[in-house]
1. What pairs come out if I take residues in the range 163-178 that are part of a loop (DSSP other than H, G, I, E, B) and pair them with residues that are among the small types (Gly, Ala, Ser) whose C-beta lies under 8 Å away, six or more apart or interchain?
2. Quick one: would you say residue 143 is at pLDDT below 95 and over 11 Å from the mean Cα position of the chain (by Cα)?
3. Within the range 155-177, track down each residue that is more than 21 Å from the chain's Cα centre (by Cα) and buried (at least 20 other Cβ atoms within 10 Å of the Cβ).
4. Would you check which residues across the range 65-112 are of a type in the set (S, T, N, Q), out of contact with any Phe, Trp or Tyr (no Cβ under 9 Å at 6 or more places or on another chain) and modelled with pLDDT under 95 and list them?
5. In this structure, is residue 6 closer than 20 Å to residue 133 by Cβ, of a type in the set (A, V, I, L, M) and either at pLDDT 90 or above or touching a strand residue (DSSP E or B) at 6+ places or on another chain (Cβ under 6 Å) (or both)?
6. Can you pull out the residues in the range 110-120 that are in a helix (DSSP H, G or I) and surrounded by fewer than 19 Cβ atoms within 10 Å (Cβ to Cβ)?
7. Is there a residue in the range 179-190 that is crowded, with 24+ Cβ neighbours inside 10 Å, within 22 Å of residue 96 (Cα to Cα), touching a residue at least 40 places away in the same chain (Cβ under 8 Å) and more than 13 Å from the chain's Cα centre (by Cα)?
8. Among residues belonging to the range 121-134 that are touching a Ser or Thr at 6+ places or on another chain (Cβ under 6 Å) and farther than 19 Å from residue 206 by Cβ, point out the one that is surrounded by the most Cβ atoms within 10 Å (Cβ to Cβ).
Amino acid sequence: MLIRILRDIRYSEITPREVYLNRRRFLAASGGALAAAIGGPAAGGSLGSVRKSPLSTTGEQLTPKETTTSYNNFYEFGTGKEEPSHNAARLKTKPWKVKIDGQCNKPRTFDIGELLALASMEERVYRHRCVEAWSIVVPWNGYSLAALLKQAEPNSKAKYVAFESYYDSGSMLPSQFAGVDFPYREGLRLDEAMHPLTLLCFGMYGDILPNQDGAPVRLVVPGNTATRASSP
């Protein structure tokens, strides 16, 4: 199962805060044939009031913010780990909308303002360990993805949540250069997507997400690298 907390991460394996703030946005999941188009406020600045969550891991030293914003997988803006932090400024995060449709009773499109106001913001400290052999401990800011999915009321036929990332050929690399098909697609089982630990994320360290880390909104699933957002 994708949603889990790993307990075998040594402190020596934790990515410095400077290296993670550029991590690739772990892809998002939805239920039924849910197509997401996510976007929002420009990177930088405070998210406002964020309360501590009891769902956070405890006793872990945070990865430095400078690390997480300068070492990223975001192939649309470069295949090197340092490239997204230099190139992702080309991404326009306003205006931005999220469309939910498919096997749901109330298909709907949300703008970023509606998403930000949908539920109370929490700080969730999650540990992640990547198959690339790096690991991070990050205070993400957002709320459970279930809060958004419930607005669409997935019906009895819904089994998965599918996400498709935003792709702009004018500002992003072509697929043949990146070695990845764009737009990027991913999904979760509906029960995984509705799990309270699956986080719809708008910020980190109390600030709005930087572009290279998934602005204006991304999905974060504990036990996995962090996810991407979708299209405007």
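1. Going by the 8 Å Cβ cut-off, the qualifying pairs are 166/37; 166/39; 166/229; 166/230; 166/231; 167/231; 173/78.
2. no
3. 158 - this is the single residue of the range 155-177 that is more than 21 Å from the chain's Cα centre (by Cα) and buried (at least 20 other Cβ atoms within 10 Å of the Cβ).
4. 73, 93
5. yes
6. 113, 114, 117
7. Taking every residue of the range 179-190 in turn, none turns out to be crowded, with 24+ Cβ neighbours inside 10 Å, within 22 Å of residue 96 (Cα to Cα), touching a residue at least 40 places away in the same chain (Cβ under 8 Å) and more than 13 Å from the chain's Cα centre (by Cα).
8. Per the stated criteria, the residue is 134.
The values are calculated or read from the model by the stated rules, or taken from the named source; none is laboratory data. These numbers were taken from a predicted model, which means no experiment stands behind them. As a convention, Cβ positions derive from the backbone with ideal geometry for all residues, glycine included, and neighbour counts pool all protein chains shown.
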